[in-house]
Amino acid sequence: MQWFNQITFNEAPAKTHVWTPTLQSMYFTPIVKKTTLSTPIFLYVGRVAMEKSILDFLKWSVHGKKIVVGDGPLLSTIKHDFPAIDSVGEKKGPELLTFYDNANYFVFPSTTDTFGMVCIEAISRGLPIIGYSQELGPGGILQNTPFNTLADTLDNSYEKAKKIDPNHLIAFANQFSEDESRKSIVSIVEQCVE
């Protein structure tokens, strides 16, 4: 989000404050320790549409099981054209958490998202992100952190993701908790009234 701090209006630096988005408290419930499987599970959660570059994920040649959670205009096409991929439709609440908790990696192929809240959901459940290098989307979350697994290809990103400890990701995600968000809002208000 460094680009945001460089915005100016009328040649003077803008007085802006960045408020960190918040995850619902259900994402910070204890999770079952992830097992190392001989067949890793790669999870996509989001709108099933062309602009999300989901075909990059579906066509990616990697050893493992792929699961697509979400709804959208490409869902029926994906079910027909990629029958080996589990396309389960939209899931919410505890049912969605089960998909996060059973996966080993979260794949975010989109390069057009401005933030990528699903990436924070995945991180809070210990899933390393596999995606493309970019300033926005997951780049705004992972950039300048030891968890930056983004790369020029999904293969290169996967190689980085294999080295990430899920427990460290979960601790990193705490900054997006409701408590941390409240602290951020109080800090912003205090700065504005100074």
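The values are calculated or read from the model by the stated rules, or taken from the named source; none is laboratory data. Computed from a predicted structure; not experimentally measured. Because the Cβ atoms are built from the backbone with ideal geometry, glycine has one as well, and the counts that use them run over all protein chains shown. Keep in mind that these areas ignore ligands, DNA and RNA; they rest on the heavy atoms of the full protein, side chains included. Shrake-Rupley method; radii C 1.70, N 1.55, O 1.52, S 1.80 Å.
Express the carbon and sulfur contribution to the solvent-accessible surface of the stretch 52-185 as a percent, rounded to the nearest whole number, probe 1.4 angstrom.
Details: 3090 of 6150 Å².
Ligands and nucleic acids excluded, carbon and sulfur give 50 percent.
In Å², what does the accessible area per residue of the stretch 87-156 work out to with a 1.4 Å probe? It would help to have the intermediate numbers written out before the result.
Values: 2550 Å² over 70 residues.
Dividing the accessible area of the stretch 87-156 by its residue count gives 36 Å².
With a ≥ b ≥ c taken as the square roots of the eigenvalues of the C-alpha gyration tensor of the stretch 83-178, please select rounded if a/c is under 1.5 and otherwise prolate if a/b is larger than b/c or oblate if it is not? Because its axes are fairly even, with a/c under 1.5, the stretch 83-178 counts as rounded. Amide H to amide H distances under 5 Å link ASP86 with LYS66, VAL68, where only residues 5 or more positions off or on other chains count and H is placed in the peptide plane.
Taking amide hydrogens as placed 1.01 Å from N in the peptide plane, the amide H of GLY131 sits under 5 Å from those of PHE108, ALA151, each at least 5 positions away in sequence or on another chain. Can you tell me how the stretch 29-134 classifies by the Cα gyration tensor, rounded, prolate or oblate, using a/c under 1.5 as the rounded cut? Taking the square roots of the gyration eigenvalues as a ≥ b ≥ c, the stretch 29-134 is rounded.
Using 1/(1 + (r/R0)^6) with R0 = 22 angstrom and r between the beta carbons of ASN174 and MET117, what's the FRET efficiency to the nearest 0.05?
Working: r = 16 Å, r/R0 = 0.72.
For R0 = 22 Å, the calculated efficiency reads 0.90.
Comparing SER53, PRO94, SER76 along the charge dipole axis of the stretch 29-121, the residue lying farthest to the positive side is PRO94, per the Cβ-charge model. Annotated for the stretch 35-194: lysine pairs at least 8 residues apart or interchain, Cα distance under 25 Å, count 26.
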